[in-house]
Structure formats: C-alpha cells, structure tokens
Amino acid sequence: MDFRHELVLPNEDLPFRLFVFEGKDGSYKVSKHWHSSIEIFLVLEGSIDFYIDSRLYRLGREQFILVNSNEVHSIDCPEPNFTLVLQIPRGLFDTYIEDVDHLLFSRSCQKDEALSCLIRRMQKAYEQRQTGYLLQILSDFYQIMYLLVADYRILEVDEETKRQNRNLDRLSKITNYIQVNYREDLTLEGVAHIFGFSPAYLSKMFQKYAGINYKTYVSDLRTQAGYRLLMNTDMPVGEIAMECGFPDSRSFAKAFRRRFGVPPAEYRKSRMKSNKDKKVT
C-alpha cells in the first residue's frame with residue numbers, strides 16, 4: 001500500500017489527541033498516510049526527518065512542524081528523540097472559522113517559544129493529573145488554537161488545493177467505513193452505492209488519491225487485522241481468515257504471503273521460535 005488513511009481518535013478525556021511520539025527510541029519509521037486532523041510535531045530532544053508530499057523537513061531540538069488536514073506525510077527517526085504530538089480535529093475550528101473545510105496553515109520548521117511552552121505544559125499537566133488539570137489543559141489548548149489562526153493561517157487557498165481537500169475528505173469517509181466494517185462483504189459496487197458514487201468513480205478515486213486500487217486496499221486492511229490476530233491469539237488460521245472478512249483460508253494465505261513473503265502458519269511458527277530463543281538467551 002503506497003499510503004493510507006489514518007483514523008485519529010482523541011484522548012479519552014480530551015477533545016483532541018496529545019501524546020509522546022512512539023518513535024522515541026530511534027530506528028523507527030512511519031509510512032505515508034493522511035488524516036483530516038491538523039497535527040503538530042514538536043521535537044524537544046534529538047531530531048526526526050519529516051516528509052510532507054515527499055519533501056524533506058529536518059526537525060531539530062525545539063523545532064516544530066504543522067501538518068495540514070489531508071496532507072500525505074511520513075516520518076523517519078534513525079536516532080533517539082523526544083517528540084510531543086498534538087492532533088487537532090479540524091471540526092474544532094468550526095465554531096470560530098468560516099469555510100473550515102479549506103483551513104490551511106503554514107508549516108515552516110522553526111522555533112516558537114510560546115507554542116512550545118504551551119504544548120509542554122499541557123503534556124506535563126496531563127501526566128501529573130493534579131486538581132484542575134483538565135481546565136489548565138483546555139485553557140492552553142484554546143490558546144494554541146488562537147496562535148495557529150492568528151500567526152500561521154494561510155488566507156488565500158488556491159482552487160486546486162480546495163478540490164483535492166474535498167476529494168480526500170470524501171475518501172476519508174469511505175476508508176473510515178471500510179476500517180469499521182472490514183469483516184463484512186465490501187464489494188466495490190456495494191460501497192460505491194452506499195456513498196452515492198458509481199463503481200468506476202470510486203475506483204478512480206482510490207487509484208488517484210490513495211495510490212492503490214480498491215480491492216488491494218480492502219485486502220491489505222484485512223491482512224493487517226489477520227496479522228494482529230496471528231501474533232496475539234491462538235486462533236487457527238482458518239478462523240482468522242473468516243474473522244477478518246476473507247472468504248476462505250486460501251485467500252488469506254495468498255494475501256498474507258504477498259505482504260510478508262511467507263504463509264501465515266509459517267510466519268507464526270518462525271516468530272514463536274524467535275521469541276523462544278530470545279527468552280533462552
């Protein structure tokens with residue numbers, strides 16, 4: 001899969017997502033993906049290589065980058081780092097901004113002491129969870145929203161960018177639906193009908209904006225789900241295949257082999273042996 005849509009879920013007790021980036025130990029990559037949320041990466045220690053639409057941005061200590069809604073991006077972290085990530089659902093700007101569907105921010109890699117201080121303070125309050133911490137976090141969060149709109153918003157958005165955002169928004173709704181319902185029978189014709197498109201139009205949308213055909217997208221999603229069950233349960237391969245929406249174990253094995261190079265049963269066996277050897281040493 002060339003790149004994928006990511007479903008961003010807020011923290012359980014907040015209207016946004018705030019977390020320490022999982023690539024902190026280095027030797028870590030995040031493949032190309034996009035989401036409708038606006039995202040801020042703030043590097044506090046070390047460095048990371050950030051790619052937006054294949055353009056490289058090298059982020060060092062105290063530098064941050066803004067990722068706009070629906071921008072395709074990837075990350076490479078060869079070295080250890082400590083990076084905070086803030087993901088803001090675009091809909092949170094609805095009350096305050098007209099034409100939020102075309103909201104766009106400048107992404108220049110730079111240092112912003114005020115923004116950096118607010119994000120660090122939010123993370124510290126969230127970790128410590130002292131009395132009134134949610135009020136402090138929300139206060140800092142709305143200050144960040146104000147800074148984004150006042151200092152980083154791009155007011156003139158070209159028509160091509162608007163058109164691409166509209167199409168990616170449509171595709172995001174469809175991929176969200178597929179991610180929730182991947183166990184079901186998801187024919188191109190059926191999904192196209194649900195969203196009011198012709199099968200030909202939906203097929204072209206996947207090819208153009210996701211860089212993959214519809215059938216392969218669904219198969220890869222089911223294969224990923226199958227991989228998780230293969231590694232984390234004792235379910236037989238045939239049951240995993242049916243649980244993940246494949247018509248039979250042969251279809252699952254074929255898709256799994258295309259992705260991982262070996263059949264699922266063989267992959268599970270080799271991983272179990274590898275884990276056992278590590279415990280012995």
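Read-outs: derived from the displayed coordinates by stated rules, not from any lab. These figures come from a predicted structure and were not determined experimentally. Backbone-built Cβ (ideal geometry, glycine too); neighbour counts: all protein chains shown.
Couple of notes before you dig in:
- Each peptide in 216-227, 144-155 receives the mean, over its residues, of other Cβ atoms within 10 Å, and ordering these scores from highest gives 216-227, 144-155.
- The helix-only estimate of mean residue ellipticity at 222 nm for the chain, built from DSSP H runs of length n ≥ 4 each weighted as -39500 (n - 2.57), is -14500 deg cm²/dmol after division by the residue total.
- Gaussian network model of the chain, springs between alpha carbon atoms under 10 Å - residue of Lys162, Lys124, Lys111 with greatest fluctuation: Lys124
- Within region 180-264, the GluC sites (Glu not before Pro) that combine a DSSP coil assignment with at most 12 other C-beta atoms in a 10 angstrom radius are Glu184.
- Highest-fluctuation residue, Gly60, Gly91, Gly132 considered, GNM on the chain with Cα pairs under 10 Å: Gly132
- Most simply put, region 4-152 has about 95% antiparallel DSSP beta bridges, counting only bridges with both residues inside it.
- Calculated log₁₀ intensity ratio I(q)/I(0) where the Debye formula runs over C-alpha points of region 4-152, q = 0.18, 0.20 Å⁻¹: -1.13, -1.40
- Using the Cβ-Cβ distance between Glu62 and Arg228 with R0 set to 30 Å, the FRET efficiency works out to roughly 0.25.
- Links that overshoot a 23 Å alpha carbon limit, given the list Lys162/Lys208; Lys215/Lys254; Lys29/Lys204; Lys29/Lys162; Lys173/Lys208: Lys29/Lys204; Lys29/Lys162
- Residue among Pro236, Pro80, Pro15 with the largest mean-square fluctuation in a Gaussian network model of the chain, springs linking Cα atoms under 10 Å: Pro236
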